[in-house]
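Worksheet: the structure to be examined is printed underneath.
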Amino acid sequence: MAQKSMQDLFNEELEDLYDAEKQIVKALPKVAEAVESEELRNALEEHLEQTKQHVTRLEQVFQSIGREAKAKKCEGMKGLLEEGENVISELDKSPVRDAALIAAAQKVEHYEISGYGTLRTFAQLLGHDEAVELLEETLEEEKEADEKLTDIAESEINIEAAEGEEGEEMEGEEEAAGGVSGRGGSSAQGSQSRGGNSSAKSTPTKKKAPKTSTAGHRSSGR
Ligand SMILES: [Fe+2]
């Protein structure tokens, strides 16, 4: 068994995350293109620009500790991104696919949050003050990106995805009830416009999907 110092470990984790960020830069355009929701697409495109900055910021971290930027294949990120690709190839465009892509994107975010949290803590331990600041900055952006995905999921996409299912089973009923409209498409708040409060089925629904993300962002690196 080999011995490693904390500095070695820091270097390795840094190389791993550097590779992970580069993989994300490559993968994100395809995901953004695949989603149906415009709001989600905008968020992903915005995060792509941020991610490019994260790559640059990691290069600054390397520089700040006097090392050359080097990427070490991040197998974890590779697997997560492959899962996202599978969602795109296996499902047709729909709110449910968007919900699945948000789930995949949040796994990516959580991986990064964990990575940056750990690196930041190691940097503190090793007295790399400049690195601490740089890592902290990105860590905050990753958390914000994760929260934004939760917001989009909960305010729009999960609801539409769940309504699609409801809509199918209620089709007949509503017509019978006089065809109150307002179902179609993008009304995220559609439940009021649905009309048929006559139908017992229409009320108890999954209006609020469970939180997409509840995991402890704080769990890492403390
Ligand atoms: Fe990032």
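Scanning region 2-12 for residues that are part of a helix (DSSP H, G or I) and either at pLDDT below 95 or surrounded by fewer than 19 Cβ atoms within 10 Å (Cβ to Cβ) (or both) yields Met6, Gln7, Asp8, Leu9, Asn11, Glu12.
Considering region 20-29, and only residues there that are surrounded by fewer than 19 Cβ atoms within 10 Å (Cβ to Cβ) and free of Cβ contacts under 8 Å to residues at least 40 places away in the same chain, the residue that is nearest to the ligand (Cβ to nearest atom) turns out to be Val25. Say whether the condition of being assigned to a helix (DSSP H, G or I), hydroxyl-bearing (Ser, Thr, Tyr) and within 16 Å of the ligand (Cβ to nearest atom) is met by at least one residue in region 90-112. Yes, that holds for at least one residue. Taking the stated definitions as given, is Ala32 within 13 Å of the ligand (Cβ to nearest atom), aliphatic (A, V, I, L, M), at pLDDT 95 or above and within 15 Å of the chain's Cα centre (by Cα)? For Ala32, the condition - within 13 Å of the ligand (Cβ to nearest atom), aliphatic (A, V, I, L, M), at pLDDT 95 or above and within 15 Å of the chain's Cα centre (by Cα) - is not met. Here region 35-54 is the region considered, the condition is being within 14 Å of the ligand (Cβ to nearest atom) and buried (at least 21 other Cβ atoms within 10 Å of the Cβ), and the residue that is nearest to Ala71 (Cα to Cα) is His54.
Can Lys72 be described as at pLDDT below 95 and over 21 Å from Lys148 (Cβ atoms)? So Lys72 does not fit the description; no.
The values are calculated or read from the model by the stated rules, or taken from the named source; none is laboratory data. This one's a predicted model, so the numbers in the text were calculated from it and none came from an experiment. Here Cβ is always computed from backbone atoms with ideal geometry, including for glycine, and neighbour counts include all displayed protein chains.
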